[in-house]
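Mind looking over this structure? Questions follow.
The values are calculated or read from the model by the stated rules, or taken from the named source; none is laboratory data. Model, not experiment: these values are computed from the prediction. Ideal geometry is used to build each Cβ from the backbone, glycine not excepted, and the neighbour counts take in all protein chains shown.
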Amino acid sequence: MVDLENDVKFIKGVGPNRVTLLNKLGIYTVKDLITYYPREHEDRSKPVNLCDVLDGQEVLIEAIAVSKISQIRTSRKNMTMYKLIVRDETDSCLITWYNQSYLKTRFTLGEKYTFFGKISKKNGTIQMNSPVFDDYGKTKNTGKIIPLYPLTYNLSQNTIRQIMENALKLINNELEETLPEYILEEYKLLDINSAIKKIHFPRDYNEYEIARKRLVFEELFGMQLALLGLKNRYSANEVGISFNKDVKISDVINDLPFKLTKAQIKVLEEIDSDMENQKPMNRLLQGDVGSGKTIVSILAAYKAVKSGYQMTIMAPTAILAAQHLEEYTKILSKYEIKCELLVSAITKKKKEDILKRLKDGQIDVLIGTHAILEENVEFKNLGLVVTDEQHRFGVRQRKIISEKGQNPDVLVMTATPIPRTLALILYGDLDISIIDELPPNRKKIDTFAVTKGLEERVNIFIKKQIEEGRQCYIVCPLVEENEEINAKAVVELAKNYKEKVFSNYRVEYLHGKMKSKEKEEIMEKFKNGDIDILISTTVIEVGVNVPNASIMVVENAERFGLAQLHQLRGRVGRGEYKSYCILKYQGNSEVIKKRMQVMQSTNDGFIISEKDLELRGSGEFFGTKQHGLPEFKIANLFEDMPILNLVQGLAIKIIEQDSKLEKSENVKLKKLVKEKFGQRLEL
């Protein structure tokens with residue numbers, strides 16, 4: 001049996017250069033390769049008569065060579081054109097290739113070949129440019145359904161197809177089955193070997209669909225089992241803290257200088273009920289950017305502290321943690337609740353003092369970053385844990401921080417709106433609360449999607465806003481998953497804007513490769529109004545409150561997901577000033593236009609996330625970076641909702657009967673969950 005963890009370099013056709021290219025795609029092992037699924041398939045199996053072809057159509061033709069290849073030097077340097085005339089029973093076609101010298105002797109007069117390519121009709125002549133081809137009767141490049149893979153520069157479809165074929169030959173139908181026999185039979189699923197082979201090289205679309213169903217089923221089923229196992233582990237016989245029923249959150253609500261929304265009140269009732277219950281709270285608080293999640297956590301902190309416990313909130317950045325300290329102190333100091341900030345940048349002496357006071361119980365609320373996870377951070381009596389922006393903290397970090405107390409209550413806050421239909425499924429290990437309305441004082445952000453041609457007008461508008469005293473964010477495009485390249489793009493754009501476009505203004509930049517201290521200093525300056533224009537990568541997506549910033553410009557907006565664009569837009573519109581989001585995009589495809597239209601037509605994060613899922617698929621949307629969960633390689637939660645509902649019911653049934661998957665018939669499932677979630681979960 002082939003070891004799937006073997007390095008991809010051992011597969012025939014993979015030399016040192018190709019290893020590097022495959023690594024760029026996240027392919028390191030044989031397993032990574034065979035689970036690198038095609039993004040689509042192209043049907044090259046049905047030949048069309050030349051008399052029936054349409055301009056711009058991609059078709060397969062079967063035709064005889066009726067001329068010898070002619071070689072023509074073009075006026076362009078180093079460019080040679082090769083021309084061949086072919087004919088079927090209905091018409092003739094002129095085929096052209098460029099710089100393919102081996103073609104000179106490739107075709108024999110009077111022999112039949114198959115060609116697949118794009119048709120163009122010019123002056124009554126049918127033409128085809130650079131088609132792939134085979135000798136008639138052969139099916140290397142034509143005559144079948146061909147997989148098309150998401151690729152990186154310098155790696156061709158032909159190359160990856162050949163490598164994939166070699167990998168499947170090496171495996172030779174010896175993959176170990178991952179699903180139990182009883183499930184395969186009950187749900188009429190293909191075995192794993194057939195599914196992997198047919199997902200890459202199906203004979204027809206029906207075979208592809210059957211293979212895909214099997215792999216989607218497995219992917220979603222594994223996730224559901226894992227999440228339910230996690231939820232079980234949290235709640236199984238665990239006795240948590242029953243916070244004091246006499247401590248009334250309403251006392252603080254009545255004292256607030258603003259009114260809470262109905263949605264906030266509803267969520268607080270759910271949290272209050274959880275906190276008074278003996279079962280440990282594990283709740284996800286979902287709310288759009290600016291919906292008022294922080295005040296909800298402050299009120300929960302009040303209840304915890306006044307019941308005799310400590311509370312901690314963990315934020316993804318030191319700037320955000322400092323912002324929380326400000327907001328917590330403003331509301332809680334009048335109730336003699338002591339708040340403190342713990343971030344890695346503080347002095348050794350100050351840190352020692354904080355750790356001592358924390359252990360002695362002199363600090364009620366500890367606000368910080370990942371620094372809170374360190375072993376030497378000990379609480380006297382930790383009762384409530386809040387993590388802000390869940391997608392920056394995986395399931396494991398939540399577990400580490402919870403273990404600093406005796407089954408403390410856990411509240412996870414996220415501003416990433418997840419479609420209502422999916423939240424329960426995705427966060428199977430948490431109960432869910434949603435703040436689905438914005439406070440009445442939040443202003444709508446006007447959003448405009450513009451093309452390159454309007455750049456000058458956009459720059460004039462930015463200058464006008466700065467002259468009025470406002471500030472502006474400019475976000476650089478994601479070039480690829482490479483901090484190095486993204487950082488370079490930011491520096492280049494900043495240089496151009498600093499020296500030319502906005503030379504009269506204070507322009508600074510920010511990117512992920514900078515040291516934390518450097519980033520914090522820049523953000524602090526921006527917050528204090530000492531920078532007019534901040535050019536940045538998406539590091540500002542989860543960020544600070546800068547009420548004076550009124551413009552968000554996103555360069556190459558077509559490269560971002562809608563949910564991410566919505567997060568970025570939420571950085572402005574936080575003060576009293578009218579705010580704008582300008583999406584600069586390139587490309588004319590229907591999908592790009594639709595996505596830009598969605599952003600212009602709604603400010604509702606939940607609607608946007610539904611659309612994002614529909615237009616983009618779920619691989620990225622629910623990627624590891626966002627939720628600390630394994631990335632979906634093949635499932636699309638929008639298209640595959642019926643399978644998702646099916647596996648959810650099945651997973652519940654199995655976990656109810658065999659919570660630790662210890663029965664002999666479920667051994668394969670235990671292995672599946674372990675492989676999928678690794679150390680994140682011990683069932």
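Is it the case that the range 76-94 has a residue that's in contact (Cβ under 8 Å) with a residue 40 or more places away in the chain, surrounded by 11 or more Cβ atoms within 10 Å (Cβ to Cβ) and not in a strand (DSSP E or B)?
The answer is yes; a qualifying residue exists.
Among the residues in the range 46-64, are any touching a Leu at 6+ places or on another chain (Cβ under 7 Å) and closer than 30 Å to Asn636 by Cα?
Yes, the range 46-64 contains at least one residue that is touching a Leu at 6+ places or on another chain (Cβ under 7 Å) and closer than 30 Å to Asn636 by Cα.
For the range 1-18, what are the residues that are closer than 11 Å to Ile163 by Cα and touching a strand residue (DSSP E or B) at 6+ places or on another chain (Cβ under 8 Å)?
Once the filter is applied, which keeps residues that are closer than 11 Å to Ile163 by Cα and touching a strand residue (DSSP E or B) at 6+ places or on another chain (Cβ under 8 Å), the range 1-18 yields only Val8.
For residues in the range 464-492 being under 15 Å from Ile531 (Cβ atoms) and assigned to a helix (DSSP H, G or I), which is modelled with the lowest pLDDT?
Val490
Next question. In the range 639-658, is there at least one residue being hydrophobic (A, V, I, L, M, F, W, C), crowded, with 18+ Cβ neighbours inside 10 Å and either on the phi > 0 side of the Ramachandran plot or modelled with pLDDT under 85 (or both)?
no
Among (1) of a type outside the set (Gly, Ala, Ser); (2) outside any helix (DSSP H, G or I); (3) in contact (Cβ under 8 Å) with a residue 24 or more places away in the chain, which single condition is Asp272 missing?
Only one criterion is unmet by Asp272, namely (2).
What is the number of the single condition among (1) more than 30 Å from Tyr208 (Cβ to Cβ); (2) loosely packed, with under 15 Cβ neighbours inside 10 Å that Lys138 does not meet?
(1)
Restricted to the range 147-190, and to residues that are under 30 Å from Leu646 (Cα atoms) and of a type in the set (Val, Ile, Thr), which residue is surrounded by the fewest Cβ atoms within 10 Å (Cβ to Cβ)?
Among those residues, the one meeting the criterion is Thr178.
In the range 1-34, what residues are assigned to a helix (DSSP H, G or I), in contact (Cβ under 8 Å) with a residue 24 or more places away in the chain and of a type in the set (Lys, Arg)?
Arg18, Lys24, Lys31
So which of Gly26, Gly56 is over 32 Å from the mean Cα position of the chain (by Cα) and on the phi > 0 side of the Ramachandran plot?
Unique residue meeting the criteria: Gly56.
Is there any pair linking a residue in the range 198-223 that is within 15 Å of Tyr37 (Cα to Cα) to one that is assigned to a helix (DSSP H, G or I) and among the aromatic types (Phe, Trp, Tyr), with Cβ under 9 Å and at least six apart or on different chains, and which?
From the range 198-223, the pairs are Lys198/Tyr208; Ile199/Tyr208; Pro202/Tyr208.
Check Asp353 against each of (1) in contact (Cβ under 8 Å) with a residue 60 or more places away in the chain; (2) out of contact with any helix residue (DSSP H, G or I) (no Cβ under 7 Å at 6 or more places or on another chain) and name the one condition it does not meet.
With (1) in contact (Cβ under 8 Å) with a residue 60 or more places away in the chain; (2) out of contact with any helix residue (DSSP H, G or I) (no Cβ under 7 Å at 6 or more places or on another chain) applied to Asp353, the lone miss is (1).
To keep it simple, each residue is scored yes or no on (1) modelled with pLDDT under 90; (2) farther than 30 Å from Leu382 by Cα; (3) aromatic (Phe, Trp, Tyr).
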position: Lys198; (1), (2), (3): no, yes, no
position: Phe201; (1), (2), (3): no, yes, yes
position: Ser242; (1), (2), (3): no, no, no
position: Leu260; (1), (2), (3): no, no, no
position: Glu276; (1), (2), (3): no, no, no
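So is Thr159 more than 26 Å from Pro16 (Cβ to Cβ) and not charged (D, E, K, R) or not?
In short, no.
If you don't mind, another one. Anything in the range 538-576 that is modelled with pLDDT under 85 and of a type in the set (Asp, Glu)? List them, or say none.
Result: Glu541, Glu576.
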